[in-house]
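One structure is given below, encoded as structure tokens.
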Amino acid sequence: MDSPLRLYRPLAVAFGEAVRAVHDDQWGDPTPCTEWDGRHLVNHLASETLSVTPLMGGATVEEVGDRFDGDVLGADPKATWASAADDAIAAVEAVSPDRLVHLTGRDVTATDYAGELVLDLFVHRWDLAKATGADATLDPDLAAEFGRAIVPFESVLRATGLFGVKVDVPEDADPSTKLLGMLGRRADWAP
């Protein structure tokens, strides 16, 4: 897989395309993330993305505090996402791959932190596209690579609640279906 630091821009841009495709009357529509509608899903990513710049810059989670909690989207979710993504892309592209990023209870390299971010962007773009009827096709090679990267940590990540209940899929399922199932999503989900 390409470095997560290099994948960040294209996956943030792809998520942004899904955000721009949301019609005004779709923000409250359900998504494959059962606890989030479209607005909540984009808010989750925007909040995470707003944190990227200070965290990549050396701030701790405690220093970032709660300034990106709650509704960060305001009256113009699309503009908020675009601004947050532009800033985060610049921060990711400027950081040294080995820089330590101080997350809750652990320090990871910027590369490892970007790995978490790109998976979130990849999967949540699918969630938003499915919710809004946009093209939800996942890159099968990238889906396979994410799947291989997750397998060694799947039980640990599932215990944190970051993944939904695993969806069983056939052994011969395509890489996207397998990844989605691992993350608790049904590839045939429809609103």
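Do we find a residue being outside any helix (DSSP H, G or I) and either touching a His at 6+ places or on another chain (Cβ under 8 Å) or more than 19 Å from V123 (Cα to Cα) (or both) anywhere in segment 32-40? Full working, then the answer.
In the first step, residues of segment 32-40 are kept if they are outside any helix (DSSP H, G or I); the result is 32-37.
From what is left, the residues that are either touching a His at 6+ places or on another chain (Cβ under 8 Å) or more than 19 Å from V123 (Cα to Cα) (or both) are 33, 36.
Yes.
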Subject >> Checklist (1) in the same structural domain as H40 (by TED's automatic domain parsing); (2) among the hydroxyl-bearing types (S, T, Y); (3) out of contact with any His (no Cβ under 8 Å at 6 or more places or on another chain) applied to T132, failing item >> reply: (3)
Original post:
Name the residues in segment 152-177 that are outside any loop (DSSP other than H, G, I, E, B), over 19 Å from L45 (Cα atoms) and either in contact with an Asp or Glu (Cβ under 9 Å, 6 or more places away or on another chain) or free of Cβ contacts under 8 Å to residues at least 24 places away in the same chain (or both), would you?
Top reply: P152, F153, S155, V156, R158, A159, P175, S176, T177
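Against the condition surrounded by 15 or more Cβ atoms within 10 Å (Cβ to Cβ), in contact with a Leu (Cβ under 7 Å, 6 or more places away or on another chain) and either among the acidic types (D, E) or not assigned by TED's automatic domain parsing to the domain that holds Y113 (or both), how does G184 come out, does it pass? Steps first, answer last, please.
Working: surrounded by 15 or more Cβ atoms within 10 Å (Cβ to Cβ): yes; in contact with a Leu (Cβ under 7 Å, 6 or more places away or on another chain): no; either among the acidic types (D, E) or not assigned by TED's automatic domain parsing to the domain that holds Y113 (or both): yes.
Taking the combined requirement at face value, the residue does not satisfy it.
Here is a yes/no grid of residues against (1) more than 16 Å from the chain's Cα centre (by Cα); (2) more than 26 Å from W27 (Cα to Cα):
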residue	(1), (2)
L157	no, yes
G161	no, no
K166	yes, yes
K178	yes, yes
L183	no, no
A190	yes, no
Subject >> E63, sole failed condition from (1) farther than 18 Å from L100 by Cα; (2) among the charged types (D, E, K, R); (3) free of Cβ contacts under 8 Å to residues at least 12 places away in the same chain >> reply: (1)
Subject >> In segment 18-30, residue surrounded by the most Cβ atoms within 10 Å (Cβ to Cβ) [restricted to those that are in contact (Cβ under 8 Å) with a residue 24 or more places away in the chain and out of contact with any Ser or Thr (no Cβ under 9 Å at 6 or more places or on another chain)] >> reply: V19
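Based on this model, can you work out whether V123 counts as more than 17 Å from the chain's Cα centre (by Cα) and either β-branched (V, I, T) or in a helix (DSSP H, G or I) (or both)?
Spelling it out, it is not the case that V123 is more than 17 Å from the chain's Cα centre (by Cα) and either β-branched (V, I, T) or in a helix (DSSP H, G or I) (or both).
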Original post:
Residues in segment 87-103: is at least one surrounded by 20 or more Cβ atoms within 10 Å (Cβ to Cβ), outside any helix (DSSP H, G or I), touching a helix residue (DSSP H, G or I) at 6+ places or on another chain (Cβ under 8 Å) and not aromatic (F, W, Y)?
Top reply: yes
Subject >> Index of the failed condition, C33 passing every other in (1) closer than 22 Å to L179 by Cα; (2) modelled with pLDDT of 95 or more; (3) of a type outside the set (F, W, Y) >> reply: (2)
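The values are calculated or read from the model by the stated rules, or taken from the named source; none is laboratory data. Quantities reported herein were computed from a predicted structural model and do not represent experimental measurements. Cβ atoms come from the backbone with ideal geometry, glycine included; neighbour counts cover every protein chain shown.
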